[in-house]
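Right, one structure below, let's go through it.
The values are calculated or read from the model by the stated rules, or taken from the named source; none is laboratory data. Just so you know, these numbers come straight off a predicted model, no measurement behind them. Please note: Cβ atoms are built from the backbone with ideal geometry, for glycine as well, and neighbour counts cover all protein chains shown.
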């Protein structure tokens, strides 16, 4: 094998491995997401999802409502989040990865407009470019699902 063929083959292998690692990393809810209303299809907010020691949480970074003001607070919240600013508000808590699956559950999600807290289940879909957010009370089939869209951030 010539040096040129070796270099080309090595670069091709490295590119393939990098693409595989990138795709695997995207099958995670961690990142920035645009929430899409399941009723009217409008963009509602941007949520930053982070992971710390195996636990996933999410905070509001941006709100798309035209009537939104940076001083708006969660007046409808019923827990310690009542009165907190909507921007920066932690709306997702305590989700953990289901072993052997690309599913995170066991935590909650807050509807900051109604103050209602739902059990939550998130599943990355379409190669991690979208996220199914399922909020429910009691059993999963008694809830609603929103599909969120990953925001690709410039590095």
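Please pick out the residue among 35, 73 that is more than 24 Å from residue 152 (Cα to Cα) and surrounded by 12 or more Cβ atoms within 10 Å (Cβ to Cβ). Outline the logic, then answer.
Values: 35 fails: more than 24 Å from residue 152 (Cα to Cα).
The unique qualifying residue is 73.
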Residues satisfying the stated conditions in the range 112-123, i.e. more than 19 Å from residue 73 (Cα to Cα) and touching a residue at least 40 places away in the same chain (Cβ under 8 Å): 122
Members of the range 70-110 found to be modelled with pLDDT under 95 and under 19 Å from residue 32 (Cβ atoms), listed by number: 70
Given (1) more than 21 Å from residue 33 (Cα to Cα); (2) at pLDDT 95 or above, index of the condition residue 140 fails: (2)
Inter-residue pairs, beta-carbon under 6 Å, first over 19 Å from residue 145 (Cβ atoms) and in the range 40-56, second modelled with pLDDT of 95 or more and not in a strand (DSSP E or B), 6+ apart: 51/30
Among residues of the range 83-100, those that are surrounded by 12 or more Cβ atoms within 10 Å (Cβ to Cβ) and touching a residue at least 12 places away in the same chain (Cβ under 8 Å), counted: 12
Residue list for the range 124-139, filter: over 17 Å from residue 101 (Cα atoms) and either part of a helix (DSSP H, G or I) or free of Cβ contacts under 8 Å to residues at least 24 places away in the same chain (or both): 136, 137, 138, 139
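The rows are residues; the columns are (1) more than 23 Å from residue 31 (Cα to Cα); (2) assigned to a strand (DSSP E or B).
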residue: 70; (1), (2): no, no
residue: 78; (1), (2): yes, no
residue: 81; (1), (2): no, no
residue: 93; (1), (2): no, yes
residue: 96; (1), (2): no, yes
residue: 113; (1), (2): no, no
residue: 122; (1), (2): no, yes
residue: 155; (1), (2): no, no
Selection from the range 126-139 of residues that are surrounded by 14 or more Cβ atoms within 10 Å (Cβ to Cβ) and farther than 26 Å from residue 83 by Cβ: 128, 130, 131, 132, 134, 136
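State which residue is surrounded by the most Cβ atoms within 10 Å (Cβ to Cβ) when the search covers only the range 101-111 and only residues that are free of Cβ contacts under 8 Å to residues at least 24 places away in the same chain and in a loop (DSSP other than H, G, I, E, B).
103
For the range 33-53, how many residues are in a loop (DSSP other than H, G, I, E, B) and modelled with pLDDT of 95 or more? Spell out the reasoning first.
Step one: of the range 33-53, the residues in a loop (DSSP other than H, G, I, E, B) are 37-42, 53.
Filter once more, keeping what is modelled with pLDDT of 95 or more: 53.
Here the count works out to 1.
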Failed item in (1) at pLDDT below 95; (2) more than 20 Å from residue 33 (Cα to Cα), with residue 113 passing the rest: (2)
